[in-house]
Amino acid sequence: MRTHYCGALGDAHIDETVTLYGWVHRRRDHGGVIFIDLRDREGIVQVVFDPDTEESFALADRVRSEYVLKVTGRVRARGEGTVNPKMKTGTIEVLGKELEILNAAATPPFPLDEYVEVGEDVRLRYRYMDLRRPEMQERLIFRAKATSYIRNFLDQNGFLDLETPILTRATPEGARDYLVPSRTHEGRFFALPQSPQLFKQLLMVSGFDRYYQIAKCFRDEDLRADRQPEFTQVDIETTFMSEEEIMGIAEGMIRNLFRDLLQVELPEFPRMTWHEAMRRYGSDKPDLRIPLELTDVADLLKDVEFKVFSGPANDAKSRVVALRVPQGSQLSRKQIDDYTKFVGIYGAKGLAYIKVNDRAQGIDGLQSPIIKFLPEDAVLAILERVGAETGDVVFFGADKRNVVNEAMGALRVKIGHDLSLMEKDWAPLWVVDFPMFEEDGEGGLTSLHHPFTLPACTPEELAADPAHALSRAYDMVLNGTELGGGSLRIYDPAMQQAVFEVLGIGEEEAREKFGFLLDALKYGAPPHGGLAFGLDRLIMLMTGASSIRDVIAFPKTQSAMCLLTQAPGEVDPRQLRELHIRVRKPAAESTE
Ligand code: ASP
């Protein structure tokens, strides 16, 4: 039996005989003495074999990286000058007496005992090796601790951990569904849940009052950097609470988690309306660590001849903003060109700017490719409005509203990082008063959250002006990342029907897809609401990992593949037949 973990040994164990199990992190032969760094999940300890223990010494001579060993030996203090302050166990070592090689290992696909740049494809293909690396072990161990902490918090607050089905019907959260064909019902499909949304609402109808689940969710989206097709939510729902009360519990949970696991005291969570966030930061998840803001200047540019500005300035669906960067005039031509390319990713056609070389000299103190197209009073009024000072640069965004918001919002964050403008480590907030709907790009409206979110108006008001209706939804944002979000829910069938109608879901379709929900709302559904946190993202932020994949044991690639198992894979024709499925040949081979 193991007596200790390698990484848990220290001065307190000096003179004890210990039995350790672990992997050979590194082996060094120092002229007659063999050093083995033995590693387990808690860390690494140095084991020394000298020729006095003949048999073990001979074995130690044979071991290679990643061999699996059992070692028994005595803990002793390291000699003067050999203490390693960089190692957690660096004040001691184990004098090896008995050694057993439990298993050999082929040469690892990449070294684990030194830092080398390894392509992520290789790491994911040999994930079980990658996960042996101390930093990966630390992140996943932290994840386990955080999950357990969250469970405890919710248990103690009376929330019940209830499971909901994985094989189910589509729950719309705005992504495509993963479908599972039914063998027993020909031509029919289950959908994997995009979230447990409808089931948790039904649990509220059943009277469970407080529910939570650490739930897997599945969304077939075109993957962006921080998305995974399957991910984990801390999913929460309650009855008879206001949004303030729900936000209070959620905030308490996150605050305690940071305090107890990271020793970080999060500051106040200010509340900001969605409209204010979009106006000032061009984003519904603003990074408030960065002290830069967008300023609307369309009213000053309506009459100028420069069409790049006056066009959007006179268009209700467009926006013209200025972004002042204090001391930004030191940015080089090349840097500004790079920022121009950067905003191009978001559809911006260019990036106009004015450098303020000397504010006291008025128009003569400015340097800019565009001022010759603009009247002096408009330029000076803009500088006045953004509070420009000598040494600043002012960038401009003028385009359709969403292009400006996305491009200038992202530029704001990028400049904040590039120029190290961050004023604090942690900047949380709640974003509230979201619109119910957004345009779907095809002349219709789609839910900003999901169709079960309670509007902040009556069904009649909603029907009369859906585009301006607000919802009782709230998102928790930390450092520019949406940690979680939720809402009060519709509990009145007439309101649910009104929302479906705005979304173009007719009565028949609503019955077909959500009949069970509409029925449930008829039988005494209590007012209820909740929210869900993205666990992966939360852990990513807490561990400082740069990718969501680094906090998931077995993640998928950005093209939604598992490189370890090569999933998704082909299946046997017989299996397909049983599922009543015929695969269409890829377009090129198809005869159709
Ligand atoms: N189901 C929502 C989501 O996945 C969260 C919620 O409204 O509770 O985003």
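The values are calculated or read from the model by the stated rules, or taken from the named source; none is laboratory data. These numbers were taken from a predicted model, which means no experiment stands behind them. Here the Cβ is made from the backbone with ideal geometry for all residues, glycine too, and neighbour counts use every protein chain on show. We work out accessible area using only protein heavy atoms, side chains counted, and drop any ligands, DNA or RNA first. Shrake-Rupley method; radii C 1.70, N 1.55, O 1.52, S 1.80 Å.
Some observations on this one:
- Length gained on full extension, residue 293 to residue 330, computed as 0.36 nm times the residue gap minus the Cα-Cα distance: 11.4 nm.
- Normalised by the number of residues in the range 1-133, the mean separation of alpha-carbon contacts (under 8 Å, six or more apart) gives a relative contact order of 24 percent.
- For residue 279 and residue 426, a Förster radius of 22 Å and the Cβ-Cβ distance give a FRET efficiency of 0.40, rounded to the nearest 0.05.
- Note on exposure: 169, 183, 27 ranked by accessible area (1.4 Å probe, complete protein assembly) read 183, 169, 27, with the most exposed listed first.
- Loop GluC sites (Glu not before Pro), the range 385-486, which have at most 15 other Cβ atoms in a 10 Å radius of their Cβ (DSSP): 389, 423, 442
- Gyration tensor analysis over the Cα atoms of the range 35-92 returns equivalent ellipsoid semi-axes of 20, 15, 9 Å (largest first, whole Å).
- The chain: DSSP helices with Cα axial extent of at least 15 Å and average Kyte-Doolittle hydropathy no lower than -0.5: 243-262, 376-386, 401-418
- Remark: the Cα gyration tensor places the range 314-377 in the oblate category, a/c being 1.5 or greater and a/b not exceeding b/c.
- Relative contact order (%) - the chain, alpha-carbon pairs under 8 angstrom, separation at least six: 13 percent
- Remark: spin-label model distance residue 460-residue 262 equals 4.8 nm, labels positioned 7 Å along the Cα→Cβ axis.
- Percentage, to the nearest whole number, of Cα pairs in the chain over 42 Å apart: 42 percent
- The value of relative contact order for the range 274-422, using C-alpha pairs under 8 Å at least six residues apart, is 34 percent.
- Cleavage-rule hits, trypsin sites (Lys or Arg not before Pro), the range 393-438, DSSP coil, Cβ neighbours within 10 Å at most 15: 424
- Using a probe radius of 1.4 angstrom, the carbon and sulfur fraction of the accessible surface of the range 366-452 is 46%.
- Share of carbon and sulfur in the accessible heavy-atom surface of the range 1-41 [1.4 Å probe, %]: 52 percent
- Note on the chain: helix-only mean residue ellipticity at 222 nm, from DSSP H runs of 4+ residues weighted -39500 (n - 2.57) and normalised by residue number, equals -9000 deg cm²/dmol.
- Proximity of backbone amide H atoms, modeled 1.01 Å from N, is registered between residue 448 and 437, 438 at under 5 Å, excluding neighbours fewer than 5 places apart on the same chain.
- In loop segments of the range 72-146 as defined by DSSP, the chymotrypsin sites (Phe, Trp or Tyr not before Pro) with at most 10 further C-beta atoms inside 10 Å of their C-beta are 115.
- Excluding ligands, DNA and RNA, the accessible surface per residue across the chain is 50 Å² with a 1.4 Å probe.
- Alpha carbon centroid spacing (whole Å) that separates the range 338-368 from the range 534-583: 43 Å
- Length gained when the stretch residue 564-residue 184 is fully extended (0.36 nm per residue, less Cα-Cα span): 133.7 nm
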